[in-house]
Amino acid sequence: MEQFLIVRNTCAGSSTKVKVSGVEFPRPPNAYRFLLAGADIIGTRFAPEVIDALDTMRAVGLVPPYRPAQAR
């Protein structure tokens, strides 16, 4: 997380997107923490596991309730 925050802060104010990859434990709660910290994308082969865990993480309060995007 510390390395990610350095990159995020360095790129702040630019159009650069920040990707997280190579995380030692790419489990759903860790992936969500990086998204909360400002990651634009997460590179992981565990994407299905992360997506499948969202409902469980919502049920225990780790992830906010789903809100569909507003139509523009």
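Would you please classify the overall shape of segment 1-67 from the alpha carbon gyration tensor, given that a ≥ b ≥ c denote the square roots of the eigenvalues, rounded means a/c under 1.5, and beyond that prolate means a/b larger than b/c while oblate covers the rest? Walk me through the numbers before you get to the answer.
Values: a/c = 2.25, a/b = 1.66, b/c = 1.36.
Prolate shape, in that a/c is at least 1.5 and a/b is the bigger ratio.
Residues with beta-carbon under 15 Å from that of Ser15, excluding Ser15: net charge, scoring Lys, Arg +1 and Asp, Glu -1? Cβ neighbours under 15 Å give a net charge of +2. Structural descriptor for the chain: relative contact order 28 percent, calculated from alpha carbon pairs under 8 angstrom and at least 6 residues apart. Using the average count of surrounding beta-carbon atoms within 10 Å as a protection proxy, the listed peptides 47-59, 6-18 rank, highest first, as 47-59, 6-18.
Coordinate-derived values only; no laboratory data. Here the structure is a predicted model, which is why all the values come from computation and not from measurement. Neighbour counts are summed over all protein chains in view; Cβ atoms, including those assigned to glycine, are modelled from backbone coordinates with ideal geometry.
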